[in-house]
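Just so it is clear, none of the values below were taken in a lab; they were calculated from the coordinates. What you are looking at is a predicted structure, and each value in this text was computed from that prediction instead of being measured. Cβ: placed from backbone, ideal geometry, glycine included. Neighbour counts: every protein chain shown.
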């Protein structure tokens with residue numbers, strides 16, 4: 001992610017040029033990478049769950065400023081006490097609402113994560129960072145440049161749905177689909193899988209198959225990645241108060257939702273009937289230190305500037 005530069009009112013996401021000596025192709029794709037994010041925000045328009053975009057000038061892409069930062073950092077820092085379960089469930093609903101809207105506009109977020117969910121002053125959530133997102137052509141609209149497909153990133157390994165085990169996840173289906181497009185590179189199932197991980201994290205305060213919220217050990221990353229690719233998914237256990245949330249998470253993991261609207265409405269219903277005195281599955285974040293989360297070293301390739309260590313990582317797993 002390009003650097004964010006703040007002023008009193010706006011965040012400026014810088015859009016640096018390709019490195020000196022880059023090929024014409026890299027220069028073109030670098031420019032398209034930023035242009036695509038701008039175009040996605042233009043398509044999404046104003047929505048209460050989407051970071052407000054104010055255009056693009058010589059400084060970069062302009063956005064509303066949210067000093068509270070992202071949910072991942074907030075959960076790592078705010079430990080005494082941790083945010084209440086009720087508040088965390090409201091954040092989950094906000095993310096699901098935003099995701100349903102994004103899908104209704106023919107966009108796959110791709111980078112569904114707590115660190116791309118910003119906390120507003122009124123303790124609500126807005127979604128951000130659509131630089132690596134996938135935008136489909138919509139009927140009746142001008143066709144998008146084919147090269148947009150070339151400026152595409154892939155989701156992080158721990159958010160990657162096991163397509164070999166769940167081949168139907170390649171198909172975009174159900175209400176809200178711009179049009180049937182089997183075997184598309186990215187579909188809402190992939191975002192919903194990652195949302196299942198996010199919901200699990202917000203409820204339990206730890207990552208699936210890990211005692212910690214942030215998995216930093218490369219061997220642990222590989223272990224969890226392999227478990228996911230074998231369709232071996234973590235669960236919330238047998239606590240009765242969480243059975244509805246467990247069902248939602250497993251449907252996300254198994255690519256069983258046909259619509260993100262259905263996911264959102266299921267989550268709203270589960271939250272509305274959740275007892276106020278439900279036991280906590282974990283009373284706080286157990287990470288030993290506050291992790292300085294940096295997307296530029298997040299174990300995945302960031303277009304348009306690939307990192308050799310990230311490519312080596314994918315070769316290893």
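Below is a table of values for the structure above.
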quantity: Near-label residues of the stretch 10-29 by backbone N, under 20 Å of a point 7 Å along Cα→Cβ of residue 54; calculated: 10-16
quantity: Sorted by Cβ density within 10 Å, fewest first, the residues 17, 82; calculated: 17, 82
quantity: Cα centroid separation, the stretch 103-124 to the stretch 61-94 (Å); calculated: 12
quantity: Distance between modelled label sites at residue 137 and residue 216, nm, 7 Å Cα→Cβ extension; calculated: 4.6
quantity: Calculated FRET value between residue 17 and residue 223, using beta carbons and R₀ = 30 Å, to 0.05; calculated: 0.15
quantity: Cβ-based exposure ranking for 93, 232, 134, 128, in which fewest neighbours within 10 Å come first; calculated: 232, 93, 134, 128
quantity: Inter-probe distance in nm under a simple model that places probes 7 Å from Cα toward Cβ, at residue 9 and residue 276; calculated: 4.2
quantity: Cα-based convex hull, the stretch 80-126, per residue volume (Å³, whole number); calculated: 76
quantity: Ranked 37, 14, criterion: other C-beta atoms within 10 Å, fewest first; calculated: 14, 37
quantity: Over the stretch 1-95: Rg over Rh, Cα atoms, Kirkwood Rh; calculated: 1.07
